[in-house]
Each structure stands twice: as C-alpha cells, then as structure tokens.
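The values are calculated or read from the model by the stated rules, or taken from the named source; none is laboratory data. What you are looking at is a predicted structure, and each value in this text was computed from that prediction instead of being measured. Note that we place each Cβ from the backbone using ideal geometry, even for glycine, and neighbour counts take in every protein chain shown. The protein model used for the area step is the full one, side chains on, heavy atoms only, and it has no ligands, DNA or RNA in it. Shrake-Rupley method; radii C 1.70, N 1.55, O 1.52, S 1.80 Å.
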Amino acid sequence: MEQGKTEKVTVIGIGRAGVNIINALSKLKPAARLELAAIDTDKETLDSCDVSQKILADSGWRKGSGCGGSVIKGQRSLARERSSIRSLIENSKLLIVTGGFGGGTATGGVPIIASVVAEKKIPAIFMMTLPFSFEGHSRLRTADDGVRELLPAAEVLLCLPNDLLFSALEADAPARDAFAKADIEMARAVLGMSEIIRSDKMLPADFASFREALNNKKATCCFGIGIANADDGLNRGHIALEKMLKSPFMGSADQLKEAHAVMLILTGGSDMKLGELKKILEATEGFAAPGAKMTVGVNTDPSYEDTVQLTAVAIKFDKADIPIVEPIKNHQFIPNMVNHARDRSETGKSNDLFQDELPLQSISKGIFVNSTSFIYNGEDLDIPTFQRKMITIDKGEG
C-alpha cells in the first residue's frame with residue numbers, strides 16, 4: 001500500500017456491548033481514520049453513543065425497546081435491516097464487527113451481518129467478547145451457541161473472554177468498572193486489528209494470511225497492544241513489548257506460550273530502524289511456543305513518528321478442533337482389492353485391481369409385511385431397488 005493512501009475501514013458495533021465499544025473507540029484519536037457505526041434494537045443505548053452513523057434496528061416492530069435477550073428476536077430484527085447494512089459497508093476495504101455474545105441483538109444479529117458481508121464479498125473480522133463467568137450459565141451457553149452459529153459463516157472470528165480482565169482489576173473493583181474496562185480494551189483491540197489492512201510490503205500480514213491461520217476452527221483469543229515512544233526511553237521496542245504482555249486481554253505471557261497460532265503487527269514511523277524492528281519481533285516471538293504458527297506484519301505511518309505500536313493476537317484452538325493424525329482406516333472393500341491384486345501377481349496372472357461383489361442381499365419386510373406399502377408409479381419403494389428390478393452383479397469373470 002502506498003504511503004499516505006487511505007482505505008475505507010468500517011467498524012460496526014452491534015448490541016449494547018458493541019455500541020459501548022464503538023463509543024469508547026470514537027474517543028481514541030487514531031480511530032479518526034475509521035468509519036464507525038452502531039446498530040442496536042435499544043434506542044436508549046444508541047442515544048448514548050456519540051457516533052453519527054446509527055441504525056435503530058427493527059424500529060417498526062421493536063419500537064426501540066430492545067430484544068430482551070431473545071436471540072430469535074435479534075435475528076429477525078437485523079434481517080429487516082439488510083439493505084441498511086449493505087449501504088453502510090459499501091466500498092469498505094475491511095469490515096470489523098464487534099459486540100458481546102450472550103445477549104439477544106448481537107448473538108442473533110451478527111450472523112445476518114455475516115451473510116450480507118458474504119454477498120458483498122468484503123473481508124471481515126468479527127471480534128466478539130464472551131461473558132464474564134459471574135454473568136451466569138445461561139448467558140455463557142447462549143454465547144457458546146452464538147460462536148457455533150457464526151463460525152461457519154465468518155471468515156475470521158476472534159472471541160475474547162471477558163474473564164481475562166480479572167488480571168487487571170482489583171478484587172474489590174466495582175462491577176461497573178469491569179464492564180467499562182472491557183469496552184475500552186476492546187476498542188483498543190479493534191484499533192490494533194484495523195492495522196492489518198495497512199501492513200505494507202516489508203512484512204505483509206494481510207487478511208488472507210490471518211484467515212489461513214484461523215482456518216475456521218473454534219478458538220479463543222488473547223489480545224495485547226503495547227505503545228511506546230521516545231519519551232519512554234531509548235529501548236522503546238522492549239517497553240512496547242512489556243506493555244503488550246501486560247494488556248488486560250492478553251492475561252499474561254503464558255497465553256503466548258500456550259497459543260497454537262500467533263499474529264504480530266508492528267506499526268511505527270519512518271524513524272523505525274531495521275535493527276529495532278528485528279529486535280522487537282525476535283523478542284516477541286521468543287515468548288511463543290516453538291510449534292506455534294507465526295504471522296507477522298509491519299507497517300509504517302507518518303502519524304506514528306517517534307512511536308511504535310506492537311499488536312499481538314494469541315489464538316488457542318478448541319481441543320475438538322486440533323487436528324489429530326491417525327492411521328488411515330481401511331474401507332471394508334479395499335483390503336480385498338489389495339489382497340487380490342497381490343495374489344494374482346504371485347500366481348503370474350494379471351495384477352489388475354479386483355472388485356469384490358457388493359454385499360447385496362434380499363431383504364424381507366419382517367413384521368412390517370402386512371403394513372401399508374409406499375407405492376410410487378406402481379413400485380413398492382420399501383423394497384430395495386436392486387431387488388425390485390432383479391439386478392444381478394456382473395463381476396466380469398469368465
């Protein structure tokens with residue numbers, strides 16, 4: 001990408017959590033280059049958001065009263081806003097959708113956005129939070145169902161557990177502070193992820209490489225951002241690394257060590273030297289497990305003069321989605337084919353593969369012999385086709 005060239009990156013916050021994240025993002029100065037929008041079925045929540053682009057979903061039916069936690073209502077409400085969503089994301093180079101799984105509007109509505117994105121063929125990253133444990137089993141179960149519903153439809157889905165924030169909060173911190181902290185950290189995470197589209201050709205980490213790293217597997221992600229400038233000291237790269245490792249959504253350095261895939265994006269100004277770049281990336285990669293899949297991108301931007309920003313995504317796949325290499329199980333017909341080929345070769349005959357007779361046998365209706373038959377075009381469809389038509393298998397011998 002050419003220096004100074006601006007690509008349209010649209011960020012949509014959906015549901016109460018998504019709207020709060022967008023509101024927090026709008027207050028970050030580097031987010032000025034992003035197109036921000038908020039979607040909700042709750043008018044009161046939307047009114048509290050400072051961004052100009054808002055969609056009060058399904059206002060005709062919901063009357064701005066929200067979905068009350070109903071996933072079905074959230075799905076129906078967003079389905080009625082497909083045309084508005086299409087207009088909103090038009091000409092976007094990258095779309096980021098954010099919100100919280102576990103409620104009604106986001107859990108039910110995000111798959112609708114994903115289907116519109118697929119129609120428009122726009123690269124999209126879905127960054128969704130998972131509920132705090134103290135929010136109850138019902139919300140956790142709804143969130144898990146939401147992940148499973150969205151996973152096949154989304155090219156890139158990042159799920160960040162809110163529980164990671166406990167490492168950055170005091171035990172006696174008010175519950176309201178926990179949710180506010182989640183909004184701010186998610187806003188920073190979205191800002192960091194938006195850098196993926198701007199990574200230039202020095203070390204490109206594009207959308208395709210990120211999608212390949214995830215490969216449509218169910219996973220949870222830890223996300224860290226570290227920013228340091230000349231005022232922090234001469235070794236600003238290592239300071240940025242320390243801040244990234246201490247990010248609330250990263251949890252700790254152990255998250256990198258346990259990750260199956262890691263994505264790193266380094267952003268700096270024109271003053272960033274090759275040696276500094278090398279040290280930062282090598283030091284960060286040193287925290288990852290030897291077998292982790294690494295994806296690295298580097299971007300330079302005049303607005304980052306005297307500043308470096310290190311963004312890391314640590315991806316841990318669900319155990320059920322980790323591929324296990326097992327010996328190939330022989331199909332019941334394959335051993336016979338191989339054995340016959342070997343036997344014929346040993347006897348001096350042709351070693352062409354041999355196909356056994358299919359194990360077809362006459363089937364009796366048994367206790368259903370006196371039941372009503374399913375007749376179509378004069379044929380009893382309860383009787384297997386080969387038996388009705390008296391088909392015999394020609395093995396090609398003799």
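Residues that are buried (at least 16 other Cβ atoms within 10 Å of the Cβ), closer than 22 Å to Thr45 by Cβ and in contact with a Pro (Cβ under 7 Å, 6 or more places away or on another chain) do not occur anywhere in segment 116-127. Put simply, of Pro248, Pro290 the only residue that is in a loop (DSSP other than H, G, I, E, B), surrounded by 16 or more Cβ atoms within 10 Å (Cβ to Cβ) and over 18 Å from the mean Cα position of the chain (by Cα) is Pro248. Only one of the numbered conditions (1) at pLDDT below 85; (2) crowded, with 23+ Cβ neighbours inside 10 Å is not met by Asn216, and that is (2).
Taking the condition open to solvent by less than 30 Å² (accessible area, probe 1.4 Å), in a strand (DSSP E or B) and either closer than 23 Å to Lys218 by Cα or touching a residue at least 12 places away in the same chain (Cβ under 8 Å) (or both), does Leu191 pass?
For Leu191, the condition - open to solvent by less than 30 Å² (accessible area, probe 1.4 Å), in a strand (DSSP E or B) and either closer than 23 Å to Lys218 by Cα or touching a residue at least 12 places away in the same chain (Cβ under 8 Å) (or both) - is not met.
With the requirement that a residue be outside any helix (DSSP H, G or I), free of Cβ contacts under 8 Å to residues at least 60 places away in the same chain and open to solvent by 40 Å² or more (accessible area, probe 1.4 Å), what does segment 253-270 give you? Matches in segment 253-270: Glu258, Ser270. Among the residues of segment 123-137, none qualifies, meaning not one is out of contact with any strand residue (DSSP E or B) (no Cβ under 9 Å at 6 or more places or on another chain), modelled with pLDDT of 95 or more, over 14 Å from Ile12 (Cβ atoms) and part of a helix (DSSP H, G or I). The residues of segment 248-300 that are among the hydroxyl-bearing types (Ser, Thr, Tyr) and either modelled with pLDDT of 90 or more or over 24 Å from Asp163 (Cα atoms) (or both), listed by number, are Thr267, Ser270, Thr284, Thr295, Thr300.
Which residue, of Val11, Val51, is hydrophobic (A, V, I, L, M, F, W, C) and touching a residue at least 60 places away in the same chain (Cβ under 8 Å)? Spell out the reasoning first.
Details: Val51 fails: touching a residue at least 60 places away in the same chain (Cβ under 8 Å).
Answer to the check: Val11.
For Lys316, the conditions (1) under 24 Å from Pro30 (Cα atoms); (2) in contact with a strand residue (DSSP E or B) (Cβ under 7 Å, 6 or more places away or on another chain) all hold with the exception of (1). Checking each residue of segment 220-243 against the condition of being among the basic types (Lys, Arg), part of a loop (DSSP other than H, G, I, E, B) and either open to solvent by 10 Å² or more (accessible area, probe 1.4 Å) or at pLDDT below 90 (or both) gives no match. Just one of the listed residues (Asp172, Asp177, Asp183) is closer than 25 Å to Ala32 by Cα and either open to solvent by 70 Å² or more (accessible area, probe 1.4 Å) or at pLDDT 90 or above (or both), and it is Asp183.
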